[in-house]
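Nothing in this text is a laboratory measurement; each read-out follows from the coordinates by a stated rule. A quick note: this is a predicted structure, and the numbers were derived from the prediction, not measured. Virtual Cβ from ideal backbone geometry, glycine too; neighbours counted across all protein chains shown.
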């Protein structure tokens with residue numbers, strides 16, 4: 001847990017020693033999903049940095065920034081167990097000093113799917129990630145697969161801006177009953193928690209039907225919508241798109257991404273699968 | 001003159017040898033102003049890179065991208081004389097491949113002065129400069145003082161994004177009669193060329209009056225406007241602002257920036273002075 005200036009100095013030293021740096025940016029309140037990413041970074045690099053920073057720029061004013069769950073003590077203990085070399089927890093003021101004015105965005109991709117209802121979200125993500133990249137100077141950076149669109153956008157930014165960083169996307173880690181791990185799951189009431197398992201069931205159902213020869217994206221969406229609404233899920237979007245371009249597909253096929261965002265009460269959950 | 005991939009490889013080698021890199025990004029059609037920046041880079045670093053890239057992203061559709069003057073052969077000869085180590089002339093397609101989507105902007109500062117009438121201009125500048133910075137990985141980068149606002153914006157971006165690059169701003173180099181050197185001066189007819197000297201005369205007049213105790217920004221603007229319009233200059237803006245924040249000042253003082261953009265015919269010229 002270091003300040004910005006100390007972190008820069010340490011990174012410089014690590015680089016000078018010729019070690020490769022693996023980086024996992026997080027918003028903290030860590031779960032097994034995060035830890036699976038840390039293990040990938042551990043395996044693929046010599047010096048592992050994990051950042052914990054709840055990034056104001058990626059929340060809209062009406063969203064859950066203030067009540068976003070935090071537990072720094074527990075996070076640090078978990079990361080020590082994973083033999084993380086540096087935990088970087090900058091203050092908001094270090095990343096966004098009062099005269100902060102610089103933003104990065106990936107056009108088009110940032111307006112689709114999650115970006116349609118959260119118009120500033122991905123600009124906030126790319127801005128903070130570029131900033132953290134410039135501080136941590138990683139050789140590889142590992143991101144979760146649950147926010148699949150985020151991964152696509154960060155890969156695009158990294159490629160477009162000629163950053164020499166390999167972006168690795170982990171796997172979605174799930175509870176035994178299929179619910180994707182998320183720091184936001186603690187918001188769910190017991191009943192919502194139970195209902196929320198429908199998300200993965202709906203995704204699996206389409207995957208199963210696809211293997212049986214089913215290929216109609218519109219019917220897939222309708223089926224999922226019906227399954228989810230029966231469990232009181234309020235659908236934000238269901239997307240059936242090409243996994244690289246995020247453009248809607250006319251037919252389900254290998255490489256089709258099925259992604260969704262659904263509210264249970266006030267809690268917005270996302271999940272996805274690739275056919 | 002190298003391709004992007006070759007340039008990256010060479011930069012890596014130079015870095016590995018522990019040499020400091022000085023960088024001067026240009027749009028080519030070089031004049032003594034550019035060369036003065038190259039000499040600063042030469043003095044302050046061990047390996048000098050000059051890029052020549054007419055950046056489409058900083059031109060509006062109605063502007064002079066297509067007819068912007070180019071003379072690569074002459075440019076290369078001039079830079080060789082200055083003992084530049086690497087001339088980097090990427091193609092448009094290397095910097096902006098067909099799926100290019102990532103843009104960087106510095107809010108507020110990019111809407112003032114030149115940004116008011118050229119709304120996408122500075123986003124184009126910051127985007128290409130960040131991109132070139134990531135390729136060339138300079139320790140210092142040198143920019144001209146004629147586009148003073150550009151320097152302020154790039155300094156802000158560099159600071160905000162935690163880039164470890166020292167930004168140096170050169171001096172405005174002028175013809176004997178005071179006209180600031182610009183690649184666009186060749187657009188001027190002989191009469192316009194003669195009239196355009198009024199820009200520096202107007203700036204000097206205010207500087208002189210300021211030294212005599214004059215301090216009213218509104219009257220300064222009116223005086224300059226009258227001088228310039230008498231010479232058929234069509235004023236785009238005259239700004240009397242704080243040199244760091246670019247906010248209008250209520251009184252002229254040390255550190256006040258007087259900046260202007262004026263059309264002579266279709267040619268837009270800029271100039272400035274700091275009190």
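Looking down the axis that turns chain B into chain A, the chain B residue with its beta carbon nearest that axis, and the gap rounded to whole angstrom, comes out as B:104, 2. Past the 40 angstrom mark, what percentage of all C-alpha to C-alpha distances in the protein assembly as shown do you count? Of all Cα-Cα pairs in the protein assembly as shown, 35 percent lie more than 40 Å apart.
Would you order B:12, B:221 from fewest to most other beta-carbon atoms within 10 Å of each residue's own beta-carbon?
On the way: B:12 12, B:221 18.
By the 10 Å Cβ count, ascending, the order reads B:12, B:221.
Using the 10 angstrom Cβ neighbour count as an exposure proxy, how do A:271, A:164 rank, fewest first?
Values: A:271 23, A:164 13.
So the ranking, lowest neighbour count to highest, is A:164, A:271.
Compared with the dominant principal axis of the Cα atoms in chain A, helix A:72-81 is inclined by about 80°. DSSP beta bridges in region B:4-169, what fraction antiparallel, as a percent rounded to 5? For region B:4-169, the DSSP antiparallel bridge percentage is about 0.
Between identical copies, the spacing of residue B:93 label points, each set 7 Å from Cα toward the C-beta atom, reads 5.1 nm from nearest to farthest. Seen against the Cα atoms of chain A and their longest principal axis, helix A:217-230 is set at about 90 degrees. Between copies, residue A:209 shows label-point distances of 7.6 nm, shortest first, with the point placed 7 angstrom from Cα along Cα to C-beta. Placing a label point 7 Å from Cα along the Cα-to-Cβ direction at residue B:234 gives distances to the equivalent points in the other copies of 5.4 nm, listed shortest first.
Over region A:183-274, calculate the relative contact order: mean separation of alpha carbon pairs under 8 Å at least 6 apart, over the residue count, as a percent. Walk me through the intermediate numbers first.
On the way: 133 pairs, mean separation 27.7, N = 92.
Here the relative contact order equals 30 percent.
DSSP assigns beta bridges within the protein assembly as shown; of those with both partners inside it, close to 55 percent run antiparallel. Peptide B:148-160 shows a mean partner chain C-beta count of 2 within 10 Å per residue C-beta. When the Cα gyration tensor is reduced to axis lengths a ≥ b ≥ c, the ratio a/c is 1.5 or higher for chain B, and with a/b above b/c it is classed as prolate. Summary of the geometry: region A:29-54 and region A:187-248, compared by the centres of their Cα atoms, lie 29 Å apart.
Compute the Cα gyration tensor for region B:156-275, then decide on rounded, prolate or oblate, letting a ≥ b ≥ c be the square roots of its eigenvalues: rounded whenever a/c is under 1.5, prolate when a/b is larger than b/c in the other cases, and oblate in all that remain. Because a/c hits 1.5 or more and a/b fails to exceed b/c, region B:156-275 counts as oblate. Here is how the number arises for chain A: DSSP H runs of 4 or more residues each give -39500 (n - 2.57), the sum is divided by the residue count, and the result at 222 nm is -11500 deg cm²/dmol. Over region A:10-161, Cα pairs under 8 Å with separation of 6+ residues give a relative contact order of 32 percent.
Taken as Cα centroids, region A:8-25 and region B:258-275 sit 46 Å apart, rounded to the nearest whole angstrom. Summary value for chain A: 17 percent relative contact order, contacts being C-alpha pairs under 8 angstrom separated by 6+ residues. Could you work out how far helix B:32-44 tilts from the main Cα principal axis of chain B, as a 0 to 90 degree angle to the nearest 10? So the helix axis and the longest Cα principal axis differ by about 50 degrees.
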